Amino acid sequence: MPQPALMKRVQFSHSPIPYLFVLPQILIIGVFFLWPSLEAFRLSFFLEDPWGLSNQFVWFENYITIFEDPDYQSVFGSTVVFSVVVTFLSIGIALLLAVKVDGLLRFSMQYRPLLTWAYAVAPAVAGLVARFLYSPQIGPLYDWLNAGTDGWFEPRLDPMDAWLVLISGSVWKQISVNFIFILAGLQAIPRTVLEAALLDNPNGGRRFLSITLPLLAPTLFFLLVINISYAVFETFGVIDTVYPFGPPAGAETLVYKVYVDGFKGADLGGSSAQSVILMVIVLALTMIQFKYIEKRVHYT
Amino acid sequence: MARLELTNISKVFAGQTRAVDRVSLTVEDGEFVALLGPSGCGKSTLLRMIAGLETLTEGQVDLAGMRLDTVPPSKRDVAMVFQNYALYPHMTAFGNMAYALKNRGVTRDAIRVRVEQAAQLLQLTELLDRKPSQLSGGQRQRVAMGRALVREPQVFLFDEPLSNLDAALRGQMRVEIRQLQRTLRITSVFVTHDQIEAMTMADRLAVMNQGRLEQFGTPLEIYHRPATQFVASFIGSPPMNFLSPSLLPIPLPEGTVTVGIRPEHLTAEGAHRLPAGHCLLIEELGSEAIVHGQLPDNQMILVRVAGDHRRVIGDSVDVGFDVHHLHCFDAQGLRVEQ
């Protein structure tokens, strides 16, 4: 019987080549994620002087300071609201657009590239676009929102107005990515299943909720995970380009605060502790999503 | 009651030829009609127009005396079984069968009763909690049948429902579907490209080619009196031989350009002889064999012989026929009566 011998050889002789293939990825993760994370974790237990000349091990003092800081609590709250709104709007609008384009028989080939263009735009560029659109000097949206009022909309001074700018910029950037995924997800649903539903259910809205949406759930779940981490982390680029000198007080996210405290305020220990907390939150959030939401997702 | 009438139905897809070309046919109440034809002949399009999944370019569909083609698909009282079953993958077998009833406002208890009845009929009772991914091909087929059945529709539409099953299961499902339809007496239209399915299941069959209805009749009518050369070539396995009239030693009706004769009607005892040829190939099927012969003029013929024939390749093929087995066709491929 030559077969067992063959199987054995396949199973037990290791070639180094596969490891070589994954090495670049491992290196990138190590250098750009693991090492900085560990460094942040280490620094979060130290109190360091602004020039990095001396440091002192302070146990959990940095963490205690953060949790007792009312400013941190309010930024935490606004980050939660911001992330939920950005995620909800960017998935929701993309879903609406994708469903509409998917239902088109004509011109869908023309709409698709138009709606996916923004995918190629970096968060910083999206921020720049938002900055121009809402600029008091040249921004058409600034003029439009202020039309007939005496300075009702002031995104440089009013934190609520600033949130509007940041949310619209972040959402605009993210819609295209979500659109691509949702459209692909919609087109992966077998046509005959939708036709069967057409014979079984006269109500278009209920048909969408009971058939299309559940079959799209794997895609939506994936996007939920991706979009929450986008809203929490990557929107930093949008904030920093719309407000190169910082947003008005009360319009910061946690990541932006890590940056401000660490690099502008030179509080490396406190900033590191904040980033560790952030990491733990996102980790927990992702685990919760997988544990509770994924259970309700049906993969075909 | 549920008499289905198609009148002059055409379908033209944008910028293309006619997928369905002025088809008229009537399915009587409780009748089982098969639409048979090669792929691309328009049979599925015709079925989808009855279901309301395609619009009509011309013509009219009536069901039980009421105009059907202006009614939205979900209000048509027509149930369809799809080729790949099209089950809802996120619902259990029960959910799949209950879905249409739920949307029609049937009460929960009534749904349970009807689904369980259908499940019992289809031997699905043990499988009602399973999702489609946990079912075998044949079981999915049954669930798809059940989904159509519980609606108690006026018309059943089948779109090649057996083509994804293996040969043994297909034979079994063929019988089951037929028995079910006989018991329930529901008007049915069954699309297939498989002539055995069409011949064995249908009360009447409609043979289609290039969007046109070639012939509509009982299986035996179509086998014995094919109206066109296409029907003659499409029905029957192995296919009918088509010979040039010059090979035949008898007078033929005027206008005949092609003469057809089935492989099973070429025998050693036939009253009239064909010119002798030789045997090129023999396909042994056990109970019978198909002899491929070559006549003078390079004319090829197929002869069906009994399994114990003892011929070998190179032997002479000397067969005859009876006049009443000949099918004569004119230049347009239409049947010429003798």
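Every read-out reported here was derived from the displayed coordinates using simple, explicitly stated rules and does not represent laboratory data. Given the structure is predicted, the values throughout are model-derived calculations rather than measurements. Every residue, glycine as well, gets a Cβ built from its backbone with ideal geometry; the counts of neighbours run over all protein chains shown.
The table below gives the values:
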item	result
Neighbour cut-off at most 10 other Cβ (10 Å), DSSP loop, trypsin sites (Lys or Arg not before Pro), the stretch A:124-232	none
Estimated vicinal HN-Hα couplings, Hz - the stretch B:213-228 in sequence order (Karplus 6.51, -1.76, 1.60; Gly, Pro = x)	7, 7, 7, 10, x, 6, x, 6, 4, 5, 5, 7, 9, x, 6, 9
Gain upon complete extension [B:Ser163, B:Ser24; 0.36 nm per residue less C-alpha separation]	47.4 nm
Phi-based couplings in Hz for the stretch B:126-139 (Karplus 6.51, -1.76, 1.60; Gly and Pro marked x)	6, 9, 5, 8, 8, 8, x, 5, 9, 10, 7, x, x, 5
GluC sites (Glu not before Pro) restricted to the stretch B:181-271 and DSSP loop, no more than 11 other C-beta within 10 Å	B:Glu254, B:Glu269
In nm, spacing of pseudo-spin labels at B:Glu284 and A:Trp35 (7 Å Cα→C-beta vector)	7.5 nm
Around B:Leu127: net Lys/Arg minus Asp/Glu count, Cβ-Cβ under 11 Å	+2
Simple Cβ-charge dipole of chain A, Lys/Arg +1 and Asp/Glu -1, about Cα centre, in debye nearest 20	1740 debye
Ranked A:Trp172, A:Trp51, criterion: other C-beta atoms within 10 Å, fewest first	A:Trp51, A:Trp172
Loop GluC sites (Glu not before Pro), the stretch B:1-103 (other Cβ atoms within 10 Å of the site Cβ: 16 or fewer; DSSP)	B:Glu28
Amide hydrogen neighbours beyond the local backbone of A:Ala122, cut-off 5 Å, H modeled	none
Modelled FRET efficiency - R0 35 Å, B:Asp129 with A:Leu283, Cβ distances, 0.05 increments	0.45
Rounded to the nearest 20 debye, dipole of the protein assembly as shown from Cβ charges on Lys, Arg, Asp, Glu	900 debye
Selected from B:Ile235, B:Thr183, B:Tyr223, residue furthest toward positive end of dipole (the stretch B:164-236; charges at beta carbon)	B:Thr183
Within-14-Å neighbourhood charge of B:Lys43 [Cβ basis; K, R +1; D, E -1]	-3
Local electrostatic count, B:Met199, Cβ distance below 15 Å [Lys/Arg +1, Asp/Glu -1]	+1
Table column - 3J(HN,Hα) (Hz), the stretch B:324-330, Karplus curve with 6.51, -1.76, 1.60, x for Gly and Pro	6, 8, 7, 10, 9, 10, 8
Order of B:Cys328, B:Cys41, B:Cys279 - criterion: other Cβ atoms within 10 Å of each residue's Cβ, fewest first	B:Cys279, B:Cys328, B:Cys41
Theoretical ellipticity at 222 nm over chain A - DSSP helices of four or more residues, -39500 (n - 2.57) apiece, nearest 500	-20500 deg cm²/dmol
Size descriptor, Kirkwood hydrodynamic radius, that averages inverse alpha-carbon separations across the stretch B:239-336, Å	13.8 Å
Cut-off 19 Å, label 7 Å out along Cα→Cβ of A:Tyr111, residues of the stretch A:210-253 by amide N	A:212-213, A:216
Amide N proximity, the stretch B:137-174 versus B:Glu116 label position 7 Å along Cα-to-Cβ, cut-off under 17 Å	B:150
